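The structure appears below as structure tokens.
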Amino acid sequence: MILIIDDDIAVRTSLGLLLKQAGYAAKSVATPAEALRLVQDAPPRLVLMDMNFSLDTSGHDGLQLLAQVKRLAPAVPVILITGWGSITLAVEGMKAGAAEFVTKPWQNDSLLQTIRTILALHEPDAETDPAALSRRQLDKQYELRGIVGQDARLLQVLRNVGQVAATDASVLIEGESGTGKELIAEAVHQNSQRRRQPFIKVNLGGISASLFESEMFGHRRGAFTDAKTDRVGRFELANGGTIFLDEIGELDLSSQVKLLRVLQDRTYEVLGDSKPRRLDIRVICATNRNLAEMVQQGRFREDLFYRINLITVRLPALRERPQDIPLLVQHFVDGLRATYNRPALKVNTRAMHWLQEQPLPGNIRELKNLVERAVLVSGKDELGPDDFQAQFQRLPPRPAEAGELPEPGTITLDELEAHMIRRTLDHYHGNISRVAKALGLSRGALYRRLEKYAIPFDAE
């Protein structure tokens with residue numbers, strides 16, 4: 001049973017009829033008190049809840065009711081119904097445990113799809129325990145072509161992909177550059193009901209603010225000075241399928257507002273054509289940034305953040321799953337055998353061990369490039385550690401920001417110690433006594449380290 005909570009009889013009637021036609025059992029109540037009694041007696045499958053129940057239209061009574069519902073039935077998903085003017089409040093509701101929010105006036109098809117998605121995510125198939133599936137079983141059950149690895153963290157990601165793919169839930173894929181976020185996005189699409197529809201990739205980092213509307217929504221000839229012909233936008237190309245918005249953390253604030261409108265209303269307007277067009281798409285986003293941190297800094301809209309991350313998937317860095325490196329190397333070598341017509345090509349065990357010990361900050365992309373360079377330059381059929389060492393391009397460690405430690409694997413303890421001694425010497429203008437005290441060393445111990453690292457100093 002789906003519970004509708006709204007003090008407007010027209011809304012209750014409209015939603016009740018919509019749900020009945022879609023095959024859902026529904027019950028409507030007008031007041032928070034009635035709702036709480038019903039939730040306590042017989043928890044519903046899902047709650048559709050308005051944000052206002054009094055003359056005070058601040059929406060705080062809705063937040064209070066949400067908190068009470070979640071206390072009584074924490075596992076029951078709640079969808080908030082709100083107007084554009086109270087989206088900020090709806091975001092507060094998401095923080096308080098709401099599963100999603102929809103805006104008035106809603107679109108019936110979009111609302112039903114949201115309900116189906118939320119129910120599917122909260123009522124998984126009881127016959128299959130995704131946590132018990134091995135890589136072999138995952139490959140039998142889902143289309144995961146091109147994704148290589150058996151690490152437990154990667155398998156958990158693939159299980160999540162299989163679970164959410166059948167829904168239309170928005171997915172946010174987080175991970176460092178080169179970890180394979182695009183492959184995960186493609187896997188979500190290929191295992192969804194939209195697999196036969198378009199999968200459109202958009203690198204938002206490569207679209208300037210001035211071209212955002214033209215690229216995403218399209219334009220009519222003459223819409224602006226350089227619009228010589230009509231242009232089809234990316235959203236129109238993706239209609240019916242999936243749109244993959246890569247590097248969403250690079251989007252400027254003005255473009256974020258425009259994107260939020262489209263994702264919320266599922267409508268857009270082509271530049272030079274004022275007729276709104278409807279969208280039927282699934283949205284998958286990816287970023288190598290910390291969006292939650294960007295929200296705190298005011299560089300990413302909080303409402304957009306909650307709109308795109310109904311499901312968040314974090315891809316582990318390659319250094320977090322080193323046992324997968326030999327599998328990836330073998331996968332790349334298999335491809336290079338055919339590409340360069342070298343059927344005897346292989347990598348020996350010592351080289352595999354050496355590669356597993358490298359930090360590889362560029363992740364899978366860096367490993368792939370390293371393997372291909374070694375194959376091309378060495379000319380050997382069997383590659384050893386020396387062949388990879390000759391091609392290994394160790395980047396200088398990224399300078400750590402104030403109060404931040406370097407990333408693991410990017411600097412040795414000796415390098416870190418020498419760096420700290422130099423910084424402390426600069427800070428105290430070469431005063432050995434003060435430097436030794438600040439570092440917790442005796443003067444003799446400090447002198448020994450200065451000589452060890454060949455750090456110049458003035459003897460006192």
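The values are calculated or read from the model by the stated rules, or taken from the named source; none is laboratory data. This is a predicted model, so every value here is computed, not measured. Neighbour counts are summed over all protein chains in view; Cβ atoms, including those assigned to glycine, are modelled from backbone coordinates with ideal geometry. All accessible areas refer to the heavy atoms of the entire protein, side chains included, with ligands and DNA or RNA removed. Shrake-Rupley method; radii C 1.70, N 1.55, O 1.52, S 1.80 Å.
Side notes on the structure shown:
- Positions within region 85-122 being β-branched (V, I, T), without any contact (Cβ under 8 Å) to a residue 24 or more places away in the chain and in a helix (DSSP H, G or I), in sequence order: none
- For the criterion of being in contact (Cβ under 8 Å) with a residue 60 or more places away in the chain and crowded, with 17+ Cβ neighbours inside 10 Å, V164 passes.
- Test: residue in region 117-138 that is open to solvent by 20 Å² or more (accessible area, probe 1.4 Å), closer than 19 Å to R195 by Cα and modelled with pLDDT of 85 or more: no
- Note on region 1-58: enclosed strands (runs of 3 or more DSSP E) holding 1 or more residues that are within 36 Å of the chain's Cα centre (by Cα) and small (G, A, S) are 26-29.
- Candidate set from region 207-220 (those that are open to solvent by 60 Å² or more (accessible area, probe 1.4 Å) and without any contact (Cβ under 8 Å) to a residue 40 or more places away in the chain); member that is nearest to V164 (Cα to Cα): L211
- Qualifying positions in region 151-174 - modelled with pLDDT under 95, closer than 20 Å to G362 by Cα and outside any helix (DSSP H, G or I): D151
- Residues (open to solvent by less than 50 Å² (accessible area, probe 1.4 Å) and touching a Gly at 6+ places or on another chain (Cβ under 7 Å)) located in region 175-199: G178, K181, N191, R194, P198, F199
- Residue, nearest to L65 (Cα to Cα), within region 1-13, restricted to residues that are in contact with an Asp or Glu (Cβ under 9 Å, 6 or more places away or on another chain) and open to solvent by 50 Å² or more (accessible area, probe 1.4 Å): D7
- Helices (runs of 4 or more DSSP H) (entirely within region 221-302) containing at least 2 residues that are open to solvent by less than 60 Å² (accessible area, probe 1.4 Å) and free of Cβ contacts under 8 Å to residues at least 40 places away in the same chain: 291-296
- L355 being on the phi < 0 side of the Ramachandran plot, assigned to a helix (DSSP H, G or I), touching a residue at least 40 places away in the same chain (Cβ under 8 Å) and not basic (K, R): no
- Failed item, numbered, when N369 is tested on (1) in contact (Cβ under 8 Å) with a residue 24 or more places away in the chain; (2) under 27 Å from G249 (Cβ atoms); (3) surrounded by fewer than 18 Cβ atoms within 10 Å (Cβ to Cβ): (1)
- Contact map, region 29-43: residues that are of a type in the set (S, T, N, Q) paired with residues that are in a helix (DSSP H, G or I) and open to solvent by 30 Å² or more (accessible area, probe 1.4 Å), Cβ distance under 8 Å, separation 6+ or inter-chain. Pairs shown: Q40/L72.
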